[in-house]
């Protein structure tokens with residue numbers, strides 16, 4: 001079990017890892033070894049996540065989620081397979097924990113009477129400045 005928050009844990013069997021050849025650091029190993037990790041997590045089919053967390057996670061992950069609702073994280077920052085596995089898991093946990101936090105509701109507010117008055121006065125002042133800049137017509 002991978003602990004995300006106090007209430008959310010992901011079963012390790014829900015995560016599928018595959019190893020592919022990475023670009024980037026690794027020297028000659030980059031051509032020989034499959035050090036990059038492709039982590040797959042079925043967001044829609046996961047019994048570990050509540051429905052609202054699932055929806056927020058899909059929205060938050062954006063293009064990393066396939067049409068079928070599978071989240072794909074590719075980790076290839078490091079030279080070793082083990083470090084890339086850790087990196088991919090950390091990124092998954094971080095994404096799920098961000099999705100677990102419900103956004104605060106915005107309460108619509110209105111500008112105060114004083115603020116409206118100041119706005120109108122500023123507009124009048126600006127209009128006056130522009131009026132003064134206008135060229136007076138000559139009587140030639």
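Readers should treat all values here as calculations from the given coordinates under stated rules, not as data from a laboratory. These numbers come from a predicted model, not from an experiment. Note that we place each Cβ from the backbone using ideal geometry, even for glycine, and neighbour counts take in every protein chain shown.
Assorted remarks:
- Those residues of the stretch 101-114 which are over 30 Å from the mean Cα position of the chain (by Cα) and surrounded by 10 or more Cβ atoms within 10 Å (Cβ to Cβ), in sequence order: 111
- Any hit, the stretch 100-107, residues being assigned to a helix (DSSP H, G or I) and either closer than 25 Å to residue 48 by Cα or in contact with a helix residue (DSSP H, G or I) (Cβ under 6 Å, 6 or more places away or on another chain) (or both): yes
- Within the stretch 61-89, being in a helix (DSSP H, G or I), under 22 Å from residue 19 (Cα atoms) and out of contact with any strand residue (DSSP E or B) (no Cβ under 9 Å at 6 or more places or on another chain) holds for 63, 82.
- Candidates in the stretch 48-60 are the residues that are part of a helix (DSSP H, G or I) and surrounded by fewer than 19 Cβ atoms within 10 Å (Cβ to Cβ); of these, the one that is farthest from the chain's Cα centre (by Cα) is 51.
- The lone exception for residue 45 - which of (1) surrounded by fewer than 15 Cβ atoms within 10 Å (Cβ to Cβ); (2) in contact with a helix residue (DSSP H, G or I) (Cβ under 7 Å, 6 or more places away or on another chain); (3) not in a helix (DSSP H, G or I) it fails: (2)
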